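Derivation of every value follows stated rules applied to the coordinates shown; laboratory data play no part. Here the structure is a predicted model, which means the values were calculated and not measured. Note that each Cβ is placed from the backbone with ideal geometry, even for glycine, and that neighbours are counted across all protein chains shown.
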Amino acid sequence: MKIGFIGLGRMGSAMAANLVKAGHDVTVFNRTAGKGRALVELGAREASTLGEVSRQDVVLSMLADDAAAWGIATASDGLLAALPPGAIHVSMSTISVKMSRQLAAAHAQAGQRYVAGPVFGRPDAALHAKLFIVTAGDPAAIAVCRPLFDVLGQKTFAVGEEPSAANLVKLSGNFLMACAIESLGEAVALVGKAGIDRRAYIEFLTSTLFTAPAYKTYGDLIAAQNFEPAAFAAPLGFKDIRLTLGAGEELEVAMPFAGVLRDRFLRLMAQGGESLDWSAIGGLATQDAQRPR
């Protein structure tokens, strides 16, 4: 199977590398030239244009936002123009429900197939092929892509035939993780101000009541107030919460906690937190608990 991969950030580079190592014929592309050099050394080919990477059996994209996802599809040499009839575009990005619908409709009109396959996991999980993949779309197209998903992640969940369903599940999951980050931050600020060792507290929590990996990962970062370098940058988390609120508004589902999270990200951005990991919102409660000097 000839595979194209668009988007070579930390997540995309790790995912593309796993596909190359698994023996797939992979062509990679990134808007910033030179990002594919390490992948070429592994055995991939680096395309010089979108059109070149798009002329494959399956093209996977891992991009930052709606604008980037729509841009690679609608460019003059993009996916809609260059992807062969019947070929598949798998968008693995965290994008809006609305954008997923637009991509699905545009690909169908072009005689192409579209699958949504957003992932749960940070760059280290991508590196070790431990992602969880949520996918939706035509079952036959998903079946074609299943061997690729098996290379990239530890488990794949199919949630429906409408691609946007996978994007809604992804947004809801990121909303829940952001809730966990905020609640961890508030709890750590509380016990820390009382003089209790913050790291020992996280060790207790994650060994007993909250054993999910997210609590361990983010609890350790919050206890240490260690938010650099960013594995998932705060502006991306902010974007996901805004998209979650948009989905809630469309479906007429009130999400008051999502509104709180939006305001926490707004505050973090206002005080210069753009380069920090999104878990930095969990450090705001500690800042709030400090007495002015």
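Output the number of the condition that ALA233 fails; it satisfies all remaining conditions of (1) surrounded by 18 or more Cβ atoms within 10 Å (Cβ to Cβ); (2) closer than 22 Å to ALA166 by Cβ.
(2)
Of the numbered conditions (1) within 23 Å of LYS216 (Cβ to Cβ); (2) crowded, with 19+ Cβ neighbours inside 10 Å, HIS128 fails exactly one; give the number of that condition.
Looking at each condition in turn, HIS128 falls short on (2).
Anything in the range 262-293 that is within 20 Å of LEU176 (Cα to Cα), touching a Leu at 6+ places or on another chain (Cβ under 9 Å) and of a type in the set (A, V, I, L, M)? List them, or say none.
Those that are within 20 Å of LEU176 (Cα to Cα), touching a Leu at 6+ places or on another chain (Cβ under 9 Å) and of a type in the set (A, V, I, L, M): LEU268, LEU276, ALA280, ILE281, LEU284, ALA285.
Being surrounded by 14 or more Cβ atoms within 10 Å (Cβ to Cβ) and within 18 Å of the chain's Cα centre (by Cα) is the requirement here; does TYR218 meet it?
So TYR218 fits the description; yes.
Can you tell me which residue within the range 261-286, out of those that are part of a loop (DSSP other than H, G, I, E, B) and without any contact (Cβ under 8 Å) to a residue 24 or more places away in the chain, is surrounded by the most Cβ atoms within 10 Å (Cβ to Cβ)?
Among those that are part of a loop (DSSP other than H, G, I, E, B) and without any contact (Cβ under 8 Å) to a residue 24 or more places away in the chain, it is GLN271.
I'd like the residue in the range 31-49 that is among the β-branched types (Val, Ile, Thr) and within 13 Å of GLY7 (Cα to Cα) and, out of all such residues, is nearest to the chain's Cα centre (by Cα).
My answer is THR32.
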